[in-house]
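One structure is given here, and the rest of the page talks about it.
The values are calculated or read from the model by the stated rules, or taken from the named source; none is laboratory data. Quick caveat, the model's predicted, so the values are computed rather than measured. No Cβ is skipped: glycine too gets one built from the backbone with ideal geometry, and neighbour counts run over all protein chains shown. Surface accessibility is based on the protein's heavy atoms, side chains included, excluding ligands, DNA and RNA. Shrake-Rupley method; radii C 1.70, N 1.55, O 1.52, S 1.80 Å.
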Amino acid sequence: MKVVVVEKDGSLAIRQANKPRYNEYQALVKTSACGMCGTDVKLIHRTFKGMSTDGYPIVLGHEGVGTVVEVGSKVTTFKVGDRVMLPAYLTDLENNPGLYSGWGGLAEYTLVCDPAAPNAPDNAFAQTVLTDDID
């Protein structure tokens with residue numbers, strides 16, 4: 001899959017990466033669209049608070065939407081076909097060595113995590129199924 005990356009020197013690139021692997025409490029999302037926000041600009045300029053260049057290259061994209069295409073066996077909040085907002089590319093150095101997450105909505109595939117999962121990460125509570133009246 002293709003991902004938009006900020007390299008260690010602040011340059012932008014499109015790279016090939018492996019699809020994210022999901023666990024029993026996550027769902028795989030095919031990205032439909034992703035906007036840019038101030039966070040992305042700060043990541044490009046490498047001025048985001050607390051981010052060292054050791055955490056680069058990163059997959060950009062903070063405001064994504066997409067469609068759930070696969071679900072883990074214990075997911076209760078999402079189902080295949082759901083349109084969701086704020087899916088993320090999560091750092092998985094075994095699957096994609098040296099490639100980190102800057103939320104990562106600018107990837108062909110991303111993940112959502114079931115907020116009902118034990119120890120669900122904070123971002124799971126922002127990931128939302130869109131209603132049919134939102135195009």
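Annotations
- ³J(HN,Hα) computed for each position of the range 73-88 - Karplus, 6.51 cos²θ - 1.76 cosθ + 1.60, integer Hz, glycine/proline x: 5, 10, 6, 10, 8, 10, 9, 4, x, 5, 8, 10, 10, 6, x, 9
- Top of Asn119, Asn23, Asn96 by mean-square fluctuation, Gaussian network on the chain, Cα under 10 Å: Asn119
- The residues of the range 80-134 expose on average 49 square angstrom of accessible surface per residue, using a 1.4 Å probe on protein heavy atoms.
- Highest GNM mean-square fluctuation among Pro20, Pro118, Pro87, for the chain modelled with Cα contacts below 10 Å: Pro118.
- Remark: for residue pairs Lys49/Lys74; Lys30/Lys74; Lys8/Lys49; Lys19/Lys49; Lys19/Lys79, the C-alpha separation exceeds 25 Å in Lys49/Lys74; Lys19/Lys49.
- The chain - percent of accessible surface contributed by carbon and sulfur, probe 1.4 Å: 54 percent
- Accessible area (Å², 1.4 Å probe, nearest 10) - Lys74: 100 Å²
- For Ser32, the residues whose modelled amide H falls within less than 5 Å of its own, excluding neighbours fewer than 5 places apart on the same chain, are Val65, Gly66, Thr67.
- Relative contact order for the chain: 29 percent, from Cα pairs under 8 Å spaced at least 6 residues apart, divided by residue count.
- Springs between Cα atoms under 10 Å define the GNM used for the chain, and in it the highest mean-square fluctuation of Gly50, Gly102, Gly72 occurs at Gly50.
- Whole-Hz couplings from phi, Karplus 6.51/-1.76/1.60, listed for the range 91-108; x for Gly and Pro: 4, 9, 5, 6, 7, 9, x, x, 10, 9, 9, x, 6, x, x, 8, 9, 5
- Within-15-Å neighbourhood charge of Leu28 [Cβ basis; K, R +1; D, E -1]: 0
- Solvent-accessible surface (1.4 Å probe) assigned to Asp133 amounts to roughly 130 Å².
- Net charge, Leu99 excluded, C-beta distance under 14 Å - Lys, Arg +1, Asp, Glu -1: 0
- The convex hull around the C-alpha trace of the chain, projected and averaged over every direction, spans 8.0 square nanometres.
- Heavy-atom accessible surface of the range 1-73, averaged per residue, reaches 53 Å², computed with a 1.4 Å probe.
- For the range 1-35, trypsin sites (Lys or Arg not before Pro) meeting the loop criterion (DSSP other than H, G, I, E, B) and having at most 16 other Cβ atoms within 10 Å: Lys8, Arg21.
- Debye log10 I(q)/I(0) for the range 73-128, one point scatterer per Cα, at q = 0.26 Å⁻¹: -1.15
- For the range 34-51, Karplus couplings with θ = phi - 60° (6.51, -1.76, 1.60), whole Hz, Gly/Pro x: 8, x, 9, 9, x, 4, 4, 4, 5, 5, 5, 7, 6, 10, 6, 3, x, 9
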